[in-house]
């Protein structure tokens, strides 16, 4: 199977290189990396070209999440399109091969992997990641939950079912719901783990959840979120997060962040929802209900190595001479320099 990496980006220079180094470190190297850039004004495109990315531009005024994915998939030459956010990075060198392994079953249309937060993420978002992405894999998955920050789809399926370009978010769930209804299978692959970095303002948190709630209304015509839901879930979330923080000995430090995050999350959700009925209980639980502790489920031992990003960043620091040398071409049509012999979101 040929594998194409598709990355959507806008001004992602802060974390983008770390992702590209993580791809370079994979045992199974991607066959190509496509950067769908919506008008970055920082060094995002330059970094991408330096690592062999093929750049596909999209006018930021025409941008939607679905349209960017459709452009990336249309440009891809692989059998599998792997989607990663530009502000994530894989934890292990077997991430890519683990993520795409379920496609050995011809019935599988989509796989997605586990996510966790980094040092910059808010405390409550760590609880959300723990809720949404448990430590054990699920196949086949019964509901249509997934997340395109760390996911892969079969291109042949996409050709028959392109992404909805009108949605304000959650285009991944809409696509998964559609193909699942056609009889395809979804796989959650917990061992394909990435770190997903969010360092958002409170307004950004609120807007993200408002956007996703608007999209959920379009995906599920029965969706609703009332003032009662807002108040009840705010109390539940704050209490649950507070208990987690107390157990970790960080309650005093994190209390303000917990209250602000959950307030803005749920206010954004309330502002975005406007439906006559409810979403499915299982999806509603994954989106809005507090984290419950998970028990570890062991799996067969696999030799895997954590990626040493400090070493990779030091080794890839360009010298002054290297920065001054002209490059042949702009990198848009070149084979990706990420391919390595050994065995690399």
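The values are calculated or read from the model by the stated rules, or taken from the named source; none is laboratory data. Treat the numbers as computed from the prediction; the structure is a model and nothing was measured. When we count neighbours, we look across all protein chains shown, and the Cβ atoms used for this are built from the backbone with ideal geometry, even at glycine.
Observations, loosely collected:
- Residue check, residue 179 more than 25 Å from residue 23 (Cα to Cα) and surrounded by 16 or more Cβ atoms within 10 Å (Cβ to Cβ): yes
- All positions within the stretch 128-147 that are surrounded by fewer than 22 Cβ atoms within 10 Å (Cβ to Cβ) and outside any loop (DSSP other than H, G, I, E, B): 129, 130, 131, 132, 138
- Test for residue 98: is it at pLDDT 95 or above, assigned to a helix (DSSP H, G or I), buried (at least 20 other Cβ atoms within 10 Å of the Cβ) and in the same structural domain as residue 14 (by TED's automatic domain parsing): yes
- Counting the residues of the stretch 131-172 that are in contact with a helix residue (DSSP H, G or I) (Cβ under 6 Å, 6 or more places away or on another chain) and within 11 Å of residue 65 (Cβ to Cβ) gives 9.
- For beta carbons closer than 7 Å, sequence separation of 6+ or different chains, a first residue in the stretch 172-190 that is in the same structural domain as residue 137 (by TED's automatic domain parsing) and farther than 14 Å from residue 154 by Cα and a second that is assigned to a helix (DSSP H, G or I) and modelled with pLDDT of 95 or more, the qualifying pairs are 189/98; 189/99; 189/102.
- Condition met for residue 163 (in a strand (DSSP E or B) and over 16 Å from residue 91 (Cβ atoms)): no
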